[in-house]
Amino acid sequence: MKFLRGFFMFLGVLALTAAIGIAISFWVKPSEVPAAGGAGAISPEMLEQARLVSERVGKRMAWIMVLISAVLQIFAWIAALAKTKAIKQVGNNPAHTLELLEAIDIYYDLPLYFGLLGSVGSFIVMTYFPDAGLMFAYASTAMGIIVSVILRLGYHTPLKQELLNASADAK
């Protein structure tokens with residue numbers, strides 16, 4: 001448990017550091033900043049160039065955020081499988097193992113929570129890049145639902161049915 005907690009804290013710090021670094025790299029590119037000519041007025045060419053740069057940054061941001069969401073889903077999947085494997089290795093009676101399985105139910109919901117986190121994050125991103133925010137909201141929510149359903153139907157439910165049958169046979 002301490003390992004997973006430390007791992008997720010490390011992952012969170014790494015994600016925040018990466019997000020800050022990426023944001024700074026997008027906003028501090030001297031080659032993309034048009035040179036002001038004359039009296040400091042903004043010309044139509046400068047506005048068009050700013051729009052194009054913003055569009056490029058929005059597209060990059062969308063793909064980076066979808067990638068971050070996918071990585072979080074993979075880590076949620078790994079955490080759920082690790083906890084399930086640990087419970088299977090305990091080898092207690094089926095009733096106790098069933099209680100342990102219910103105790104780790106949160107790990108099967110992690111993908112949903114990460115998807116929700118992505119949706120909330122997309123509202124923040126939509127302030128600056130509307131297209132990137134929408135794409136991220138749809139992608140993170142869909143990935144969260146899909147991964148959670150796969151975990152529940154592929155691992156949680158079969159193990160629970162097996163334990164219920166073994167518990168009934170033991171009585």
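The values are calculated or read from the model by the stated rules, or taken from the named source; none is laboratory data. The structure displayed is predicted, hence computed values, not measured ones. All Cβ positions, even for glycine, are placed from backbone atoms using ideal geometry, and neighbour counts span all protein chains on display. SASA here: full protein model, heavy atoms, side chains in, ligands and nucleic acids out. Shrake-Rupley method; radii C 1.70, N 1.55, O 1.52, S 1.80 Å.
In the complete set of protein chains, residue-level accessible area for Arg152 is approximately 60 Å², probe 1.4 angstrom.
Give me the 1.4 Å probe accessible area per residue for segment 107-170, excluding ligands and nucleic acids, in Å².
56 Å²
Couplings for segment 75-81, taken from phi via the Karplus curve 6.51 cos²θ - 1.76 cosθ + 1.60 with θ = phi - 60°, read 5, 5, 4, 4, 5, 5, 5 Hz in order; Gly and Pro are left as x. The three principal axes of the Cα atoms in segment 85-171 give end-to-end lengths of 61, 17, 16 Å, sorted in falling order. Across segment 139-153, rounded Karplus estimates of 3J(HN,Hα) from the backbone phi angles (6.51 cos²θ - 1.76 cosθ + 1.60, θ = phi - 60°) give 5, 5, 5, 5, 4, x, 5, 5, 5, 5, 5, 4, 5, 5, 6 Hz, Gly and Pro being marked x. Using label points projected 7 Å from each Cα along Cα→Cβ, tell me how many nm separate Asp105 and Tyr138, to one decimal. Inter-label distance under the simple model: 3.3 nm. Protein heavy-atom surface of segment 89-129, 1.4 angstrom probe: 67% of the accessible area is carbon and sulfur, with nucleic acids and ligands not counted.
With a simple spin-label model that places each label point 7 Å from the Cα along the Cα-to-Cβ direction, the separation between Ala95 and Ala41 comes to 8.6 nm.
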